[in-house]
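Only one structure is covered here, and it is reproduced in the block below.
The values are calculated or read from the model by the stated rules, or taken from the named source; none is laboratory data. Given the structure is predicted, the values throughout are model-derived calculations rather than measurements. Virtual Cβ from ideal backbone geometry, glycine too; neighbours counted across all protein chains shown.
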Amino acid sequence: MASAPMSSKKLRVLLIPFFATSHIGPFTDLAVRLTTASADAAVEATVAVTPANLPILHSLLERHNGHAAATAVKVATYPFPAVDGLPKGVENPGKAAPGDAWRIDVAALSETVMRPAQEALIRAQSPDAVITDMHFVWNAAIANELGVPCVKFSVVGAFPALAMSHLVFAGEAAGAATSSSVFVPGFPEPDIRIPRTELPEFLRRHNKVAAGGDSPAERFFSSTADGFGLVVNTFSDLEQPYSEMYLRNGHVRRAYFLGPLSLRPSPSPSPAGTDDAVAAISDDWLDSKPNRSVVYLCFGSLAPVSDAQLHELALGLEASGKAFIWVVRSDKWSPPDGWEERVGDRGKLVTDWAPQTAILGHPAMGAFVTHCGWNSVLETVAAGVPVLTWPMVFEQFITERLLTEVLRIGERLLPDGAAGVRSTRYEECAVIPAEAVARALTAFMQHGGPGDAARSRVMSLAAKARAAMAQGGSSHRDLLRLLNDLIEARGGGER
């Protein structure tokens, strides 16, 4: 495909992510990609965050290897509204107390609460195009008033996003109200069935019949069709049948599949200021381990893990005999007495930021125990590392089905019913015992075991991910197509 047409004026794009780090990251990656997409189309990308999220944005930009494109990305701020019950300065779900994160979600979805500040931002910036998070459905109307295109950006994959949409519009048709599970209608084989306890909270409450008209969830998903088009952080070969649904089923007017946006030519070093001991994990310690021998465990920045579960997980890692890197985002929990001495150099416990892409990209990596957050999914696919899944919140249990039942690049850490209820509600989750953790790790990592078959499949996807992002690949072509379409719209084309 030809590169974007020559323009004598920079295309000014304003990007507005949701307040979670897992959203700010992909938006930052996209901003950097836009500034380097074409030699013929000059792009000025500005990422807008609230003041408390500004250090996170700066840190994310620093992780782009000091690339000139990262320094070219501009930064803007706009005020975070006062929210009842939320301390001043808490503007990121990962920084909120476990019982307060929902308040940020509610505020973000409220047009009354959030639109005034974002509208003032957009009007002050006067961009040629707006790329907005899915939460902020009103930004399409604001952009339309200004006569500029508004593109929505989904930071989760086509599979989980469409599964949630199909379940919302099917309502109880997806399963009897008394059934313990639902199936996702309208999907190709294999059939996807999900226990109700593993559905996001809004789906557990949703009942199309009882809603008596369009519910908030229906309005949210139907709004995807509003605006100029949709960007998804995925690539065609990863989710092809599901990606094709967006246009075939009329979900969007235009769709652009640009991922994995985090994929870079070589592993990124740690950002400036990161503790040297953490940075060394991807160097001396990993270099000393045999290929495919280390387990990496990280559950993202949002999922709450009880002290009791952390205790069992620590004992399970010890009993497995496997080398591991374990990221624990808790400043209150301590390992069992004597655990660190018994584990010794076989394990690394990280309580701060970890260079995940560099860790996953190391030859010593044998498996990734993941919560199935979409950024982690793309990073492990790009690195060719198979997964053991341990979803916890939101759409993660749905994404798990893509990994284990469709792509088959990993297995659930535990089979159905092996350790009690799994749930998106923190208080409902059963504690997985240490012996079950050790047994799952040992079986998956053994030579000739299920991990080897999963690795073969994920390594094939890794090659396709690199090809997609390379010059002329599917994601690169879609990025140029996005720029072409936005430039055409600026010249008076369709908005």
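If you go through the stretch 375-411 and keep only what is in contact with a strand residue (DSSP E or B) (Cβ under 9 Å, 6 or more places away or on another chain) and among the polar types (S, T, N, Q), you end up with 376, 380, 389, 396, 399, 404. Annotation note: of 182, 156, the sole residue that is assigned to a loop (DSSP other than H, G, I, E, B), assigned by TED's automatic domain parsing to the domain that holds residue 23 and crowded, with 17+ Cβ neighbours inside 10 Å is 156.
Per this entry, residue 424 is not counted among residues that are over 27 Å from the mean Cα position of the chain (by Cα) and among the hydroxyl-bearing types (Ser, Thr, Tyr).
Just to be sure before I move on: is residue 137 hydrophobic (A, V, I, L, M, F, W, C) and free of Cβ contacts under 8 Å to residues at least 60 places away in the same chain in the structure I sent? Write out each step before concluding.
Numbers: hydrophobic (A, V, I, L, M, F, W, C): yes; free of Cβ contacts under 8 Å to residues at least 60 places away in the same chain: no.
When the stated conditions are applied, residue 137 does not pass them.
Only one of 427, 405 is assigned to a helix (DSSP H, G or I), at pLDDT below 80, closer than 21 Å to residue 181 by Cα and acidic (Asp, Glu); which?
427
Checking each residue of the stretch 412-430 against the condition of being in contact with a strand residue (DSSP E or B) (Cβ under 6 Å, 6 or more places away or on another chain) and not assigned by TED's automatic domain parsing to the domain that holds residue 98 gives at least one match. For residue 446, the criteria (1) surrounded by fewer than 23 Cβ atoms within 10 Å (Cβ to Cβ); (2) in contact (Cβ under 8 Å) with a residue 60 or more places away in the chain; (3) under 29 Å from residue 288 (Cα atoms) hold in every case but one, which is (2). Taking (1) outside the structural domain of residue 239 (by TED's automatic domain parsing); (2) of a type in the set (Ser, Thr, Tyr); (3) over 19 Å from the mean Cα position of the chain (by Cα); (4) under 18 Å from residue 263 (Cα atoms) in turn, residue 474 satisfies each apart from (1). Inside the stretch 408-419, residues that are at pLDDT 95 or above and either in contact with a Cys (Cβ under 6 Å, 6 or more places away or on another chain) or small (Gly, Ala, Ser) (or both) make up a count of 1.
Contact map, the stretch 40-54: residues that are in a helix (DSSP H, G or I) paired with residues that are at pLDDT below 95, Cβ distance under 6 Å, separation 6+ or inter-chain. Pairs shown: 52/89; 52/91; 53/91; 53/92. Considering 116, 87, the condition of being in a loop (DSSP other than H, G, I, E, B) and surrounded by fewer than 19 Cβ atoms within 10 Å (Cβ to Cβ) is satisfied by 87 alone.
Candidates in the stretch 363-415 are the residues that are within 20 Å of residue 469 (Cβ to Cβ) and hydroxyl-bearing (Ser, Thr, Tyr); of these, the one that is surrounded by the fewest Cβ atoms within 10 Å (Cβ to Cβ) is 376. In this structure, residue 97 does not satisfy being modelled with pLDDT under 95, closer than 25 Å to residue 232 by Cβ, in a loop (DSSP other than H, G, I, E, B) and among the hydrophobic types (A, V, I, L, M, F, W, C).
The one condition from (1) modelled with pLDDT of 95 or more; (2) in contact with a helix residue (DSSP H, G or I) (Cβ under 7 Å, 6 or more places away or on another chain); (3) not β-branched (Val, Ile, Thr) that residue 449 does not meet is (1).
Check whether at least one residue in the stretch 471-490 is buried (at least 18 other Cβ atoms within 10 Å of the Cβ), at pLDDT 95 or above and assigned to a loop (DSSP other than H, G, I, E, B), and report yes or no. The answer is yes, given that some residue of the stretch 471-490 is buried (at least 18 other Cβ atoms within 10 Å of the Cβ), at pLDDT 95 or above and assigned to a loop (DSSP other than H, G, I, E, B).
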